[in-house]
Amino acid sequence: MKKNLIPLAAFLLLAWMLPSASFAQVTPQRLLDSTKEPQNWLMYSGDYAGHRFSALDQINISNAASLVPKWAYQTMAGGKFETTPLVVDGVLYGTGQDNRAYALDARSGRPIWQYQRALPADIRPCCGRVNRGLAILGDKVFLGTLDSHVIALDARTGNVVWDATAVDYRKGYSITLAPLVIKNLVVIGVSGGEYGIRGFIDAYDAMSGERKWRFYTIPGPGEPGHETWEGDSWKTGGAPVWITGVYDVATNATFWTTGNPSPSNRGEGRAGDNLYSNSLLALDPETGKLKWYFQFTKHDEHDWDATQVPVMVDQGDKHLIVHANRNGFFYVIDRTNGKLISSNPYAKVTWSNSKDAEGRPVALKEASPTLEGNRVCPGAAGATNWMSPTYDPQTKLFYVTAREQCDIFSTAPQPYEEGHAYYGSAYFPNDDAAPFWGALRAIDPATGERKWEFKHVSPTWSGVLSTAGGLVFTGDAEGNFIALDAASGKVLWHFQCGASVYSSPMSFAIDGKQYVAVAAGSALFTFALP
Amino acid sequence: MRVVKEACLPDPIKQPQAWAAALFTCTLMLMVGVFTASLKAQDKNPLAGDPKAAKLGESQFRANCAFCHGLGARGGGRGPDLTRAQKRHGNADADLFRTINEGVPGTAMPPNGATQQGVGMTAEEIWQVISYIRSVQVKAPAQPAGNAAHGKKLFYGSAACFTCHMIQGKGGRLGPDLSTTGSARSTDYLVESVRNPSRRLAQGISEAMKEFSQEYETVTVVTTDGTKFTGVVLNEDHFTLQMMDTREQLRLFEKGKLRSYEKSRESLMPAYDQKALSDKDLQDILAYLLEVTAQ
């Protein structure tokens, strides 16, 4: 009797569990209110403000030392694993190298479905066959591909629902960033600053895949800003968009950052400010119309893309965007009008020693690359890069991965040829006695003052997560995933993942248990209390 | 042909028209395949002798290769001098193409073809780089200036290099193995390494995916019981240190549990000045290093 009951009980349990793993619709309202459901991670940066902050506090400064690995998911792919997964009601959605995507049971890491796009052999991703994550709305997840398509997958099955061609990848375009869903639109940008593309931001209807608007990050003839490009250089001027933007419902603006002008190290032939390369853009999400812009680095010759997540911070009645830029300066900008409030270095900077009337750092003439090579700090990889910073509303501090590295910048003239490398740059090892290093820095956005620093043995490509447990999490190039006290920078725990971390961590909860997840090597690791 | 039939052609009896169409397509594919293969993996550089190709190749070289192989291809800290007539991984055009396109597993040479890591180069761009290398390389194999046999005697004798360096399994392991160094480093680099070893430390092993290799930094640790160890850093992260001490003992420490821990970029290798090693003897040792590399 008893024996027979077990399969029945198992069946009933399964039948009961199935709806519990049901795929609740993610509505635009849920995305707006993402901070009200901290058990879920509904978009790349966790919320529309770009905070990468989790309100979960089960793991906290008193118990973080006892964190243990819970499960790992292997993509079995080589190269850099840059994803930040989403978690919605117990299901984790992630991406992997070569346009893999997957849905996992977030409790166990067991796959629900796995998808991989068949990519053409001649794609041109500049910097690895990488992808940073998905966006979700309704019953679909959205993926940008290395062959420059935007596709919607059925969140329940991984089947392709629609497939939109953003642009011909053979011209040097690719897509590596996680899209951002705003209302019923999937907003996404393109990479290709090493191939002389003309960058843009697109919005697609989430239901049909129809393109609703496109904003070119380089103004065409007759548009304001077009005069900042010499001759025809605007046609191949780069200004890619390869990191996810943020959205401010109060001012109905979506903020995106752009990358380098092409060719990156060779200003010759593209005289002018080169708008809107290396800029922060405020767009109307319904129309894609430009509200205002702020250019961090004018006429860039050092590949200092501004592709860092812009972070929305409110201080009293001030509505700000704070931005630790690849060029080494920490900018505070009024997000209602794009006016600069302050700019202060947060890492070693040698390219500027003065500011213009608006308070913007001005480049020294001597910092321009020469044929023989010119030593400049920060180096080509920047004082930081695409790895996400975090803002913790509890400590009111901004945490950023800094890279202390200087490079010898030189030029290598390259003729433009469609779809071919077009960066005009060459780097040589610098003769510094000391090796490069890195740090996690806690900055007070109100003053620009550094509160603490945690030194990395070598520069890392890991982003940072902060949590309501009083913690910040980051990874290092030596393979450690580390928990620190957000107030003091004291290390509380670490785990050796076995490979450098090239991703930004996140946190979620299921069945009342908090997890922290990070991608390293070929594996997505999750950690929780025992 | 069998493979093509299985993979490409429908059944000729059930679908005669489809079969005919597919046969045409398959033939076309085969022709395209052969054509593409001839472009990529041919034995001879299709751009050979074209001065314009060499000029474009110089630009490509600066952008993609000079970081390791130095300006003018004369060798840098990591990559060998490519102006030498002999190349370790094959000197034929096809060898150079393969080396550049696919990299050399087990060395610092990465694959550089398009869609590999980094921006990469197309087949045409790789041939341009090969044209450039041909334009700067010396015509005849370099005759080693020194006496390799005497160099070997010095290496294992009075110069005592073998105390810390190994060649083909014989010697110490505190310093880098020198079995292939003769061709992997430029002569200037090797001379500097002997005369002024602290100027640029050798690069050691590195974790997979890590951008910067560990170097042979000197380290001195004192444990809580007062024991002191000096050696070279093999591997280090924020929390731990793996070192080899001067007795060739491998040691792992948790940094937080040490009384003290000090790293220095003064190499443990003594600087060999003219008194310790004359220019002529140094040339003999370099000749020996080149000779063993060629074996």
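Computed values, structure above
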{"quantity": "The range B:54-75 residues that are at the interface with chain A (Cβ under 9 Å from one of its Cβ atoms) and at negative phi, paired with ones that are crowded, with 22+ Cβ neighbours inside 10 Å and in a helix (DSSP H, G or I) (beta carbon under 6 Å, 6 or more apart)", "calculated": "B:LEU56/B:GLN128; B:GLU58/B:TYR132; B:GLN60/B:GLU125; B:GLN60/B:GLN128; B:GLN60/B:VAL129; B:PHE61/B:VAL129; B:PHE61/B:TYR132"}
{"quantity": "Boolean, B:LYS152 is farther than 27 Å from A:PHE436 by Cβ, among the basic types (Lys, Arg) and crowded, with 18+ Cβ neighbours inside 10 Å", "calculated": "yes"}
{"quantity": "Residue in the range A:430-449 that is among the basic types (Lys, Arg), within 23 Å of the chain's Cα centre (by Cα), farther than 19 Å from A:VAL311 by Cα and buried (at least 24 other Cβ atoms within 10 Å of the Cβ) present", "calculated": "no"}
{"quantity": "Per-region count, the range A:149-183, residues part of a loop (DSSP other than H, G, I, E, B) and in contact with a helix residue (DSSP H, G or I) (Cβ under 7 Å, 6 or more places away or on another chain)", "calculated": "1"}
{"quantity": "Those residues of the range A:484-503 which are free of Cβ contacts under 8 Å to residues at least 60 places away in the same chain, more than 10 Å from chain B (Cβ to nearest Cβ) and buried (at least 21 other Cβ atoms within 10 Å of the Cβ), in sequence order", "calculated": "A:LEU484, A:CYS497"}
{"quantity": "Residues of the range B:239-275 classified as away from every other protein chain (no Cβ under 14 Å) and in contact (Cβ under 8 Å) with a residue 60 or more places away in the chain, total", "calculated": "9"}
{"quantity": "Residue under evaluation B:GLY157, criteria (1) touching a Lys or Arg at 6+ places or on another chain (Cβ under 8 Å); (2) more than 14 Å from chain A (Cβ to nearest Cβ), criterion not met", "calculated": "(1)"}
{"quantity": "Subset of the range A:434-447 [closer than 22 Å to A:ALA380 by Cβ and either more than 8 Å from chain B (Cβ to nearest Cβ) or in a strand (DSSP E or B) (or both)]", "calculated": "A:TRP437, A:GLY438, A:ALA439, A:LEU440, A:ARG441"}
{"quantity": "Test: A:PHE436 is of a type outside the set (Ser, Thr, Tyr), at pLDDT below 95 and touching a Gly at 6+ places or on another chain (Cβ under 9 Å)", "calculated": "yes"}
{"quantity": "Residue among A:ALA357, A:ALA306 that alone is more than 21 Å from the chain's Cα centre (by Cα) and not in a strand (DSSP E or B)", "calculated": "A:ALA357"}
{"quantity": "Sole exception among (1) buried (at least 17 other Cβ atoms within 10 Å of the Cβ); (2) on the phi > 0 side of the Ramachandran plot for B:GLY226, by number", "calculated": "(1)"}
{"quantity": "Restricting the range A:309-345 to residues that are part of a strand (DSSP E or B) and of a type in the set (D, E, K, R), the residue that is farthest from A:ALA439 (Cα to Cα)", "calculated": "A:LYS318"}
{"quantity": "Some residue of the range A:203-225 being in contact (Cβ under 8 Å) with a residue 24 or more places away in the chain, surrounded by fewer than 23 Cβ atoms within 10 Å (Cβ to Cβ) and in contact with a His (Cβ under 7 Å, 6 or more places away or on another chain)", "calculated": "yes"}
{"quantity": "Single residue of the range A:448-481 satisfying the filter (among the aliphatic types (A, V, I, L, M) and touching a residue at least 24 places away in the same chain (Cβ under 8 Å)) that is nearest to the other protein chains (Cβ to nearest Cβ)", "calculated": "A:ALA477"}
{"quantity": "Positions within the range A:113-142 being outside any loop (DSSP other than H, G, I, E, B) and among the β-branched types (Val, Ile, Thr), in sequence order", "calculated": "A:ILE136, A:VAL141"}
{"quantity": "Single residue of A:ALA65, A:ALA77, A:ALA72, A:ALA103 found to be within 14 Å of chain B (Cβ to nearest Cβ) and not in a loop (DSSP other than H, G, I, E, B)", "calculated": "A:ALA65"}
{"quantity": "Some residue of the range B:180-199 being within 13 Å of another protein chain (Cβ to nearest Cβ), more than 19 Å from A:SER500 (Cα to Cα), surrounded by fewer than 18 Cβ atoms within 10 Å (Cβ to Cβ) and touching a helix residue (DSSP H, G or I) at 6+ places or on another chain (Cβ under 8 Å)", "calculated": "yes"}
{"quantity": "Inter-residue pairs, beta-carbon under 7 Å, first touching a residue at least 60 places away in the same chain (Cβ under 8 Å) and in the range A:366-377, second crowded, with 19+ Cβ neighbours inside 10 Å and in a helix (DSSP H, G or I), 6+ apart", "calculated": "none"}
{"quantity": "Hey, A:GLY94 surrounded by 19 or more Cβ atoms within 10 Å (Cβ to Cβ) and either within 19 Å of A:GLY46 (Cα to Cα) or modelled with pLDDT under 95 (or both) or not", "calculated": "yes"}
{"quantity": "Set A:GLY267, A:GLY231, A:GLY272: member being in contact (Cβ under 8 Å) with a residue 60 or more places away in the chain and in a loop (DSSP other than H, G, I, E, B)", "calculated": "A:GLY267"}
{"quantity": "Of all residues making up the range A:117-144, the number that are closer than 29 Å to A:ASN385 by Cβ and more than 14 Å from every other protein chain (Cβ to nearest Cβ)", "calculated": "12"}
{"quantity": "Residue count for the range A:406-426, restricted to those that are within 25 Å of the chain's Cα centre (by Cα), in a strand (DSSP E or B) and within 7 Å of chain B (Cβ to nearest Cβ)", "calculated": "1"}
{"quantity": "Some residue of the range A:504-520 being buried (at least 19 other Cβ atoms within 10 Å of the Cβ), part of a loop (DSSP other than H, G, I, E, B) and away from chain B (no Cβ under 11 Å)", "calculated": "yes"}
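One line per residue, one yes/no per condition, for (1) farther than 16 Å from A:PRO28 by Cα; (2) buried (at least 24 other Cβ atoms within 10 Å of the Cβ); (3) of a type in the set (S, T, N, Q):
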| position | (1), (2), (3) |
| --- | --- |
| A:ASP122 | yes, no, no |
| A:PRO125 | yes, yes, no |
| A:ASN159 | yes, no, yes |
| A:LEU180 | no, yes, no |
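The values are calculated or read from the model by the stated rules, or taken from the named source; none is laboratory data. For clarity, every value in this text was computed on a predicted model and none was experimentally measured. FYI the Cβ positions are ideal-geometry reconstructions off the backbone, even for glycines, and counts take in every protein chain you see.
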